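Notes to accompany the following structure.
Since every read-out is calculated from the coordinates, none of them should be taken as a lab result. A quick note: this is a predicted structure, and the numbers were derived from the prediction, not measured. Cβ coordinates were reconstructed from backbone atoms using ideal geometry, including for glycine residues, and neighbour counts include every protein chain displayed.
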Amino acid sequence: MREFILKLLKYSLIAVLLINVVAFASLFCLRKSEFYKPSYLVNHFEENTKFDYIILGSSRGLTTINTKQVDKDLETRGVNLSIDDTGLPTHKLMLEHFYNNNFEAKKVILTLDRGSFKKGEIKINDNDYRFLPFITNDYVHDYCSKYEKGVIKKLSYSKYFPFLGLSFYNAELFFPSIITIFNKEKRNRFDDYGNYQYPAGSKLNSNNKLVTDEVEITNPMVIELKRLCKKNNSELILYIAPIYKTKLIIKNDIGVEIINHANSVESSDNFYDHIHVNQEGREIATKAVIDYIK
Amino acid sequence: MIFNSIEFALFLPLVFLLYWFVFKNRIQQNILLLIASYVFYGWWDWRFLLLIFFSSFLDFMLSKKIGESTRKSTRKLLLVSSLFFNLGVLFYFKYCNFFIDSFVNSFTFFGNEITSNHIDIILPVGISFYTFQTLSYTIDVYRGRLSPTKDVISFFAFVSFFPQLVAGPIERATNLLPQFLKERNFQRKLANSGVKLIIWGLFKKIVVADNTGILVDLVYDNFETQNQVALILGAVLFSFQIYCDFSGYSDIAIGTARLFGFNLMTNFSFPYFSRDIAEFWRRWHISLSTWFRDYLYIPLGGSKEFKVRNVFIVFLVSGFWHGANWTFILWGLVHALLFIPLFITGNYLKNKYAKNKELIGVRFFASTIITFTMVTLAWVFFRAENITQAFTYIEHLFVNNLSDNILFSSNKYILILLISIFSILVLLFIEASFYKKNKTEVALNSKGLLFLILMITFLGAFKNHSEFIYFQF
């Protein structure tokens, strides 16, 4: 019995060590790559880079404003740091990641989705694993510990046992890490500027009537973001991206500038779906933002 | 509680340590196993415990009475009572709604309208497995092959033994019960082989079955728009999903039992290396097919009279045992039609005594591929939601002008497909090496096990894992 248990413990230890070494190497490769936005920010730009603006948000932030066009027309320097399928907590984490890596920005343009106008349930978002290569950084670990639920907190415990997060998200992390060994500059569906666009020619097949909604932004996390920006000498601006046939009248009591472009793109030909613009819609929305800033 | 869960990863070492270090005599160990098994089963729904308790109590009492009685008619009456209650419970929970639906549909077919209400029942996990296990005890006592036990704790622990409770192997009382009645000493060799089987089973389930399962669901959910390549891949992948899901569970069950000093019967023995359907059934779900042989086929007359009819009945009942759906019955029928020609010509014994290593070659390869193809086509009935879907799927397999292939529609699915293909090749390579040595199970050395652990960790479908398919039966 004693021999059996000792042998079992010995091989368990070897197995845990081995898989942790592989997992650590895998996360290291991702950390040194440009595959996901957190690594892209750190490895694509020089430390202490001063941006005129950055864009935060989820898929609507990722696909609406073309920062390449903005920079060309306004002679500015910006980057799109939006990550699809995320919410305000992840945007805040991205901003902390930005400041903690010694970057600066004059303006932080936060693309706010309707679901984030009011306080909602705060939980780990679908694509938060993209920060896992930086789990040893306190702000990432604190975020995961705070919001992750369950007996085994896969992401937060990855600080000590990297295989936990890596095995759960193996398709999303382990295999991309192998790709990055051969191509460090490979990116996951975003361009040199951090933008992604829905395919040209994809159109929304809808003929709704215009709806006008009166809404209020009360989410306390927006205030937290405002404070974080102020602390780092940035100005927070809220951007409401186009929504098909929707006009929003926004009550603004939080003292943050709002670019309300919910109704800036009208034709269904310029939408990919009800809340995402296609390539043509993106050009119109970007022009509207440029005109606003001018 | 399922084997591939955090709860079980904590539960198993705890029970193991208590079993060998705290409760050292047989009676204490049996009480511990009984409590552990009830905790394990009650984890799904504590109400299920009432049913398994009732079933165990009934068979314990009836068998005791059968053992005490000398009158044949009384003994028969007691046996019929056990069959009536056990199969009645199984019928109520598993088949009641099926018969109501079939009854209503047949009347509607003849032009009459009948309204019916479904009975709102939750199917208790593993009910078909433990019902057959308790039945085997009562029938064996009736036949005089086993003396009824007076040890109620051992009997209850035998019925609810957690490693094999919910998905088998379906143990015979003649094999498992005596193991509860004798002192058990820790056997290192047995425990070592148990750990090896557990890791092998986890690889089959988490890497092969759960990855292929993602793709199979995609293909079957969209089969009407898919091209032939997608449908062929969907069918072949399901063959490996069902095999690795079910045999993976059996391997973990057998391995876990060995940690407690118990030997369970082999349930799968490399079935996809079978050279004909008869051999397939000697290698697939052995505990069920031998159960039907001993408790259905032989009582029906076996090979002595109406043998073709008997085989036919066994296959139909076997299909129906799997689930309350015509698809399962049709699956059984297809296998009966494939098996009976071999049976009539006497060719079903041809491959029985052949040594595996003698038959590696072109002939072996060809007959294996043909058998696998037949089994794969039959699995379409097993996996389909209904008979229409099954026939449409098979029709589209052969006649199809569509161009969509959902498996190649995104990088994610292509990646999962590559993982599936790679893991299936690893599975076949390892199984072939043990098959050639005439082994009945895979037992890798430490390096092989570490390789499997790496595969489980980095290729396992943890995020999209699914329940064991056979739990629903």
Long pairs among A:K119/A:K154; A:K119/A:K251; A:K186/B:K463; A:K186/B:K412; A:K50/A:K186; A:K37/A:K72, criterion Cα-Cα beyond 18 Å: A:K119/A:K154; A:K186/B:K463; A:K50/A:K186; A:K37/A:K72
Given a Förster radius of 22 Å and the C-beta distance between A:K7 and B:L17 as r, what FRET efficiency does 1/(1 + (r/R0)^6) yield to the nearest 0.05? 0.90
For B:E68 and B:E224, compute 0.36 nm times the residue count separating them, minus their Cα-Cα distance, and round to one decimal in nm. 50.1 nm
Under the rule of -39500 (n - 2.57) per DSSP H run of 4 or more residues, summed and divided by the residues of the protein assembly as shown, what mean residue ellipticity at 222 nm is obtained, to the nearest 500 deg cm²/dmol? -17500 deg cm²/dmol
Run the dipole for the stretch B:6-185 about the Cα centre, Lys and Arg Cβ at +1, Asp and Glu Cβ at -1, nothing else charged, and hand back the magnitude in debye, nearest 20. 1020
Considering the dipole of chain B built from charges on the beta carbon (Lys and Arg +1, Asp and Glu -1) around the Cα centre, which of B:G460, B:H396, B:V15 is farthest to its positive end? B:V15
I want to check the label-to-label distance for B:R309 and A:N232. Put each point 7 Å from Cα in the C-beta direction and report it in nm to one decimal. 8.3
Amide H of A:Y272 versus every other amide H placed in the peptide plane: which residues, excluding those fewer than 5 positions away on the same chain, fall under 5 Å? A:V277, A:N278
Between A:D253 and A:T136, the FRET efficiency computed from the C-beta separation at R0 = 35 Å comes out, to the nearest 0.05, as 0.35
Let me check against my output: what whole-number percent is the relative contact order of chain A, with C-alpha pairs under 8 Å and at least 6 apart? 23
Taking a label point 7 Å from the Cα of B:M374 along the Cα→Cβ vector, which residues of the stretch B:268-296 have an amide N closer than 14 Å to it? B:272-283
Toy charge model, Lys and Arg Cβ at +1, Asp and Glu Cβ at -1: the protein assembly as shown dipole around Cα centroid in debye, rounded to 20, equals 3560
Counting only DSSP beta bridges fully inside the protein assembly as shown, the antiparallel percentage to nearest 5 is 5
What whole-number distance in Å separates the alpha-carbon centres of the stretch B:219-234 and the stretch A:75-126? 40
Computed label-point distance, nm, for sites A:K209 and B:S409 using a 7 Å Cα→Cβ extension: 3.5
Using θ = phi - 60° and Karplus 6.51 cos²θ - 1.76 cosθ + 1.60, couplings along the stretch B:151-156 (whole Hz; Gly, Pro as x): 8, 5, 5, 4, 5, 4
Mind grabbing the base-10 log of I(q)/I(0) for the stretch A:1-160 at q = 0.15 Å⁻¹? Debye formula, identical points on the C-alpha positions, no solvent, two decimal places. -0.86
Shape call for the stretch B:6-185 from the C-alpha gyration tensor, a ≥ b ≥ c root eigenvalues: rounded (a/c under 1.5), prolate (a/b greater than b/c) or oblate? oblate
Can you work out the Karplus-derived ³J(HN,Hα) for every residue in the stretch A:266-277? Use 6.51 cos²θ - 1.76 cosθ + 1.60 with θ = phi - 60°, whole Hz, and x for glycine or proline. 9, 6, 5, 5, 9, 10, 7, 8, 5, 10, 10, 7
21 Å Cα cut-off, lysine pairs counted over the stretch B:6-185 (separation 8 or more, or different chains): 9
Length-normalised contact order of chain B in % [C-alpha pairs under 8 Å, at least 6 apart]: 19
Least to most buried among B:L330, A:L238, by other C-beta atoms within 10 Å and fewest first, runs B:L330, A:L238
Specify whether the C-alpha gyration tensor of the stretch B:211-368 places it in the rounded, prolate or oblate class, a ≥ b ≥ c being the square roots of the eigenvalues: rounded for a/c under 1.5, otherwise prolate if a/b is larger than b/c and oblate if not. rounded
With 10 angstrom as the radius, rank B:L78, A:L112 by how many other C-beta atoms surround their C-beta, starting from the fewest. B:L78, A:L112
Descending Cα extents along the principal axes, chain B, whole Å: 68, 64, 47
Classify the protein assembly as shown as rounded, prolate or oblate, taking a ≥ b ≥ c as the square roots of the eigenvalues of its Cα gyration tensor: rounded when a/c is under 1.5, otherwise prolate if a/b is larger than b/c and oblate if not. prolate
Likely footprinting exposure, A:D113, A:D192, A:D291, fewest C-beta neighbours within 10 Å first: A:D291, A:D192, A:D113
